[in-house]
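Scroll down for the structure; my scribbles are underneath it.
The values are calculated or read from the model by the stated rules, or taken from the named source; none is laboratory data. Please read these numbers as outputs of a predicted model, since none were measured by experiment. Quick reminder, even Gly has a Cβ in these numbers, built from the backbone with ideal geometry, and neighbours come from all protein chains shown. Accessible surface is based on the protein model in full, side chains and every heavy atom, while ligands, DNA and RNA are left aside. Shrake-Rupley method; radii C 1.70, N 1.55, O 1.52, S 1.80 Å.
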Amino acid sequence: MDGAGGPAEGPAQEALQSLSRRLQVQEKEMELVKAALAEALRLLRLQVPPSPLQDPGTPGPPRDSSPATPPGLPPTCNPSFVSRGTQTEVEVEMEPSPGPPGLSNGPPAPQGGSEEPSGTQSEGGGSSSSGTGSPGPPGILRLAQPPQPPVLFSLPNSRGGKDPLSSPGGPGSRRSNYNLEGISVKMFLRGRPITMYIPSGIRSLEELPSGPPPETLSLDWVYGYRGRDSRSNLFVLRSGEVVYFIACVVVLYRPGGGPGGPGGGGQRHYRGHTDCVRCLAVHPDGVRVASGQTAGVDKDGKPLQPVVHVWDSETLQKLQEIGLGAFERGVGALAFSVADQGAFLCVVDDSNEHMLSVWDCSRGTKLAEIKSTNDSVLAVGFSPRDSSCIVTSGKSHVHFWNWNGGAGVPGNGTLTRKQGVFGKYKKPKFIPCFVFLPDGDILTGDSEGNILTWGRSLSDSRTPGRGGAKETYGIVAQAHAHEGSIFALCLRRDGTVLSGGGRDRRLVQWGPGLVALQEAEIPEHFGAVRAIAEGPGSELLVGTTKNALLRGDLAQGFSPVIQGHTDELWGLCTHPFQNRFLTCGHDRQLCLWDGEAHALAWSLDLKETGLCADFHPSGAVVAVGLNTGRWLVLDTETREIVSDITDGNEQLSVVRYSPDGLYLAIGSHDNMIYIYSVSSDGAKSSRFGRCVGHSSFITHLDWSKDGNFIMSNSGDYEILYWDVAGGCKLLRNRYDSRDREWATYTCVLGFHVYGVWPDGSDGTDINSLCRSHNERVVAVADDFCKVHLFQYPCARAKAPSLVYGGHGSHVTSVRFTYDDSHLVSLGGKDASIFQWRVLGAGSAGQAPATPSRTPSLSPASSLDV
């Protein structure tokens with residue numbers, strides 16, 4: 001029994017300690033309330049006019065006298081009282097001490113001219129004004145109330161008040177109350193009150209900036225390539241640009257770097273998609289491109305339908321939208337017809353039946369459709385000699401389709417299937433790729449490492465379209481080409497064929513009769529070959545399963561031109577005085593990127609998941625927090641680990657150096673902030689103390705400009721302040737920190753940024769926030785694949801923002817570079833890194849702002865660009 005009772009003592013003891021702390025806070029508040037009440041009664045006695053019994057000669061109080069300020073209140077404010085809905089509860093409007101959420105006596109809503117419905121509760125419970133009413137539906141934002149003259153008393157609410165301990169809003173509600181005297185602003189997340197004190201320099205919220213910021217963002221560079229789990233994702237256009245995709249962006253890359261544009265190299269981006277792109281096809285003219293996206297959901301959980309965009313690669317203008325509402329789950333494979341100059345487009349979706357459809361490209365109309373198979377379809381293509389012949393391949397099948405166009409009448413076309421027969425050859429589990437030869441034969445690459453040659457039988461060629469599917473095509477030759485699966489086949493201009501292996505990572509060139517001519521091996525750290533495209537001359541472009549794009553040839557080998565992460569990203573920090581930034585994530589790779597050269601400077605295998613990072617102000621070392629409670633300090637030049645320390649066994653969510661580099665703060669999921677003293681070069685660290693007081697895991701923290709204080713947020717929406725230099729003490733009176741200046745602003749909760757929160761937020765909608773170094777704008781990463789740009793300070797309800805899409809997953813982090821010239825954003829599961837150029841008002845190339853087309857934090861007040 002003792003053993004069973006032991007573990008329960010810990011939570012019980014913690015609960016008792018928590019209750020004790022709350023009781024102490026309440027006692028302090030009561031003392032302040034009593035003092036304020038006594039002072040208010042004194043003032044009332046001074047302001048009462050002389051009674052008839054008073055001696056007329058007795059001098060009354062002077063009208064311009066300035067009574068002393070009650071204890072704990074700002075010197076510029078007079079006390080005022082508002083009934084809280086019962087005859088016995090009277091609350092002072094000003095809050096000298098925050099107290100724990102749900103216990104502090106928050107400012108009530110104003111009565112006259114208020115947009116707050118009567119009867120709405122404030123923090124602490126009771127009705128904020130007389131009359132009946134309800135708190136309103138969850139998620140309603142209460143707008144700012146204008147300052148009004150102090151109200152000494154209001155009549156008791158005779159209609160009955162609400163329970164003072166009841167929640168001020170339902171789950172998901174986000175509400176703001178504004179103090180009559182401008183002391184604090186309060187919002188609610190999941191019904192939990194969050195009080196934020198207004199800096200003394202702000203006399204009215206109306207003085208704060210409104211409207212979207214004059215600065216805008218322009219997508220400068222996208223790091224990464226989606227080779228891990230997609231096919232049909234690498235082609236070369238007529239212009240010489242390489243086209244591929246990652247997240248919701250189709251990238252047009254001209255090898256050689258330099259500024260963007262069709263003639264100058266670099267990157268251009270097609271950003272018309274609203275969810276992740278899954279496949280590409282290039283028109284025979286080498287200019288038009290078709291890209292298919294997956295299905296998704298918007299911020300309200302409503303499905304977004306998959307669709308195919310046909311667009312011009314020179315102008316980046318969408319020409320046609322095909323199949324909106326016709327596909328399920330996503331678009332898995334695409335192909336343009338060749339024999340008739342790309343008049344038709346074949347599409348296979350990701351539904352259970354993998355519907356195969358043929359579309360008129362110019363009209364966007366569907367000509368034929370049929371259920372293809374319940375097995376996965378990995379590739380589709382038109383025969384270059386006859387557009388009536390379509391081939392699909394995938395899991396355990398090769399299908400040959402005969403298409404009758406039905407005289408071009410929508411819906412009149414027919415598709416008939418003829419299955420490829422393996423006969424005496426072993427049937428593979430997958431046939432990921434195929435290619436048409438000039439003589440009409442077809443080569444397939446399969447999961448057994450074999451290349452099979454399929455030839456049309458003589459009887460079938462005399463009777464095209466005839467029944468008897470087993471006679472359509474037959475295997476005429478087999479060659480064992482690779483160890484493991486063959487992921488890619490490519491027909492070169494000279495008639496030879498290239499094959500790319502999975503397990504062996506070999507790239508082999510085959511001549512007539514499948515005779516091996518030349519080969520090369522891709523280095524292991526780049527992964528297996530996923531896609532092959534032929535560039536100018538002998539140059540080849542190779543996409544790999546580890547999201548790298550390589551350039552080279554079989555004789556000289558290959559070098560990377562595009563690299564990226566392969567799993568979910570969370571850690572991001574920017575260099576203190578160079579245009580460099582560092583990323584880490586679930587793929588256990590720590591990567592330093594050169595933002596000027598748009599290239600990977602170096603990478604390191606952490607062996608564990610990296611979740612957060614920060615540069616020392618000297619730039620000589622960087623601290624990295626891992627998911628095991630362990631954190632490392634690495635030399636940025638040698639990549640050597642100079643410190644390896646563990647604090648607890650919970651994951652670390654934030655590491656941050658003080659602005660003078662003397663301290664390092666580490667926020668953990670064990671609810672504590674660990675403080676370390678740091679040597680001048682950042683290489684040595686020693687434990688200085690711990691900040692203990694949060695009741696949930698640490699999410700964000702920032703240092704003050706003098707390096708003595710910390711502001712922190714936690715998973716239960718607390719805002720706490722700490723005196724680090726004074727011994728890591730919790731500052732009980734948060735009001736005293738209202739004017740403190742912060743070296744960085746990454747905390748998502750605080751007066752200066754509370755306007756970024758949307759209506760109806762559940763508290764997890766914002767993953768990351770960053771103020772620019774010039775303190776003019778604040779960037780926000782949300783849970784709906786968007787990056788927002790707000791003015792700073794953003795302390796007005798429903799603040800408008802500029803909204804930027806492109807990520808295909810929750811955006812996990814945003815950071816400005818040291819000179820605010822760029823903003824870096826991380827996609828979560830799409831493993832993408834976007835580098836945005838920050839443009840000032842009126843800058844050349846400024847992205848046009850258009851009404852928001854996609855869900856955003858504040859749909860009614862945001863611009864999607």
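Name every residue in segment 703-720 that is open to solvent by 20 Å² or more (accessible area, probe 1.4 Å) and not charged (D, E, K, R), in order of residue number.
Asn708, Phe709, Gly715, Tyr717, Leu720
Within segment 377-387, does at least one residue satisfy the condition of being farther than 25 Å from Arg278 by Cβ and assigned by the TED database to the domain that holds Arg278?
Looking for residues that are farther than 25 Å from Arg278 by Cβ and assigned by the TED database to the domain that holds Arg278, one finds at least one in segment 377-387, hence yes.
Are any residues in segment 510-533 open to solvent by less than 30 Å² (accessible area, probe 1.4 Å) and assigned to a strand (DSSP E or B), and if so, which ones?
Within segment 510-533, Trp510, Gly511, Ala520, Val529, Arg530, Ala531, Ile532, Ala533 qualify.
What about Pro193, is it farther than 30 Å from Cys490 by Cα, open to solvent by 10 Å² or more (accessible area, probe 1.4 Å) and in contact with a Leu (Cβ under 6 Å, 6 or more places away or on another chain)?
No: the conditions fail for Pro193.
Output the residues belonging to segment 594-633 that are open to solvent by less than 10 Å² (accessible area, probe 1.4 Å), in contact (Cβ under 8 Å) with a residue 40 or more places away in the chain, outside any loop (DSSP other than H, G, I, E, B) and over 21 Å from Trp703 (Cβ atoms).
Hit for segment 594-633 is Gly610, nothing else.
Kindly indicate the residue of segment 336-368 that is among the hydroxyl-bearing types (Ser, Thr, Tyr) and in a loop (DSSP other than H, G, I, E, B) and also most open to solvent (accessible area, probe 1.4 Å) among those meeting that condition.
So the residue we want is Ser362.
With without any contact (Cβ under 8 Å) to a residue 24 or more places away in the chain and among the small types (Gly, Ala, Ser) as the only criterion, which of Gly332, Gly301 stands out?
After ruling out the rest, the residue left standing is Gly301.
Within segment 440-451, identify whether any single residue is closer than 25 Å to Ala343 by Cβ and outside any loop (DSSP other than H, G, I, E, B), and answer yes or no.
Checked against the condition, which is being closer than 25 Å to Ala343 by Cβ and outside any loop (DSSP other than H, G, I, E, B), segment 440-451 yields at least one hit.
Tell me whether segment 687-702 contains one or more residues that are of a type in the set (Asp, Glu) and open to solvent by less than 40 Å² (accessible area, probe 1.4 Å).
yes
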